[in-house]
Structure formats: structure tokens, C-alpha cells
Amino acid sequence: METVAWAMRVHSTNRQIQIDGIHLMSYMTQPVLLEIHGVVGDVVKGDVVIDLFVLIQNDTHNMLALVVRVINAHEDDYRLQLEATDLLHTYLHILNQLVWQPIPDFTVHEFESAILASMHRQLHSAGGWGAIDDSDSDVIGTYAYTSVQQNCIFVLEQLMQYDFAGMHRVADFMQYTINATMCNIWELAEDMERVYLNIMQRLDASGGATPLQMQRLQNIGASSGMMQISVSFMHNCMRAGTLRKANSNAHKMLLKICTGNAATTALMVQADVVRSIDEASQNVHQSGAWLAIREEVIALLRLGGGIGV
């Protein structure tokens, strides 16, 4: 990998070298080669032992920073952005399985800004469905949706797990995720819901979030159309016959949006979101847990002065 990294650094504007380098780095991280055992960071494959941390960071090269440079240098190359963000997701996933170690030349907020810039540039670029190249799979002809937008979401979720406190633009991440979902509700709605709940739970757990930070995320949730997207997705699933039981994510998001915030509570009451969720869930199984969180939401909205709830 030393030679690959050197070539990519020296020939940063050469697209083919960058593509080939990313392919080689991706090959080294394939599950068929890397079987992670515990959190030691060593992978045994036959007689070969690979130190996963050194695969990403050695004395000379930091692969995360190297791939980010590729993203910044080739910002209009969709294929390169797609493969580079996919590789970054894999690298961060590996790091999050290991015992935490500091990484020289890796500044979280700079990494975060580069991924957000890619996400913003590719807002209107369509993803696509492609065959999964998995020789170990028993299923032939398996397809998966891929896009730069979704890859960036996955990368930033892994970055939150790696160092949430080091991220400076979490609100932008949420807004960009909502923007991307508006362009592709069917493929990204569940990602959007997961990201919002993840961010809000991490802010709650950190204990260091300021009221202004919480209010900004609540305002985004209330005024961006996020809840309408979530309800629309539920209706789509119901019509397609893929919604088997009522999903609690919409109610969970409502709780995060409204708790301690009279302004966002008023917006959600005005939008009649609870009734919309009920309509989207009327023909599917409603579990005891779903009914309980619905009652919790209704109590919160009434406490906030909700009318007709």
C-alpha cells in the first residue's frame, strides 16, 4: 500500500491512477479477505497477518486523508466520488471496530466538511441499482441501491460514532440529508429518520449540547418538511404492500422535535402530524409499543397547548 499511496499523492490529478488506487485499497478491505477478530486489530488470513490500523495509518500515509484529497481534487467526477465515499465508509467502519487510537493528520471537522461538500454538490445526481459483487452469496442477481448521497450519509454516521464531539456541522448534515431525501424519498427516507434520531440521541447523551444547538435541530425537524417526508414514505409503503406493522420512528422524531420547545410543538400541531401518521398506519398492525409512544406524543402536544389532538 505504500507504493499505491505514493502514486496517488504524486499524481493527484491523474484520474486513472486515483481510480486504480481506490480499487486496490478497496480490495484490501473486502470481507472475503478481512475477518475481524475481537478488537485487537489483527486479521489472520492463511499465513498472513494484517494489522488493520496500519492498513489505514502508518508512519508515512493516512489513507483517510488521502481519499479525502481525491474527493476534493475530483469534485465533478461522480464515479470517483461514489467509489471514494464507499471506501471511506469501510475505513471508518473498521476504525470503529478497533480499540480507539489517535490518527495523525486526521482532523475530524475538516473531514466532515469535505464529505458535506461532496453531498451538497451531488444533490441532484441520481443514484442507481447495481448487482452486488459477492462471490460468497448464495443469492444470484442480488441488487442494491447506491449513490454518493447515501454513501456520504453512511460515512458521516460512522464519523459520529468515531468522534461526535469533534464534528462542527451536525445541523448541516441533518439538513443535507433531508434535502437528499426530498429528491429520493423511496431510497433515503429510512436513512433520514435514522440520522435524525441518532443525532438527537447523541446530543442528549453528550450532556454538553447547548439549548441553541438543540433548538436548531428541533427547528430543522419541524420546518424542513422532514415529518411530511416520513409520513409520505409510510403511505408509499402502505400502497406498495411493504408496510407490515406500524413504524414508531415518526412518533420518536416528534418527541425529539417538540420536547421543551413550544414553537416547534405549535408547528407540529398545526400540521396535524399525529393524524397523518394515524392515517398512514390504519391498515397495519399497531403494537403495544407503538400505541404507547403515540399516547406519549399526544400528551406532550396537549401539554404544549395543542388543539384537536
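Condition check for PRO31 on (1) closer than 23 Å to THR146 by Cα; (2) at pLDDT 70 or above; (3) under 24 Å from the mean Cα position of the chain (by Cα); (4) not polar (S, T, N, Q): one failure, at (2).
Yes/no matrix, rows are residues, columns are (1) modelled with pLDDT of 85 or more; (2) under 20 Å from GLN150 (Cβ atoms); (3) of a type in the set (Gly, Ala, Ser):
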site: ARG15; (1), (2), (3): yes, no, no
site: ASP42; (1), (2), (3): no, no, no
site: LEU52; (1), (2), (3): no, no, no
site: ILE56; (1), (2), (3): no, no, no
site: ASP59; (1), (2), (3): no, no, no
site: GLU75; (1), (2), (3): yes, yes, no
site: ARG79; (1), (2), (3): yes, yes, no
site: THR85; (1), (2), (3): yes, yes, no
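Contact map, segment 108-123: first residue under 15 Å from MET160 (Cβ atoms) and open to solvent by 10 Å² or more (accessible area, probe 1.4 Å), second residue charged (D, E, K, R) and modelled with pLDDT of 90 or more, Cβ cut-off under 6 Å, separation 6 or more or different chains; pairs are VAL108/ASP163.
The values are calculated or read from the model by the stated rules, or taken from the named source; none is laboratory data. In this text, all values refer to a predicted model and were calculated from it rather than measured experimentally. Here the Cβ is made from the backbone with ideal geometry for all residues, glycine too, and neighbour counts use every protein chain on show. Surface accessibility is based on the protein's heavy atoms, side chains included, excluding ligands, DNA and RNA. Shrake-Rupley method; radii C 1.70, N 1.55, O 1.52, S 1.80 Å.
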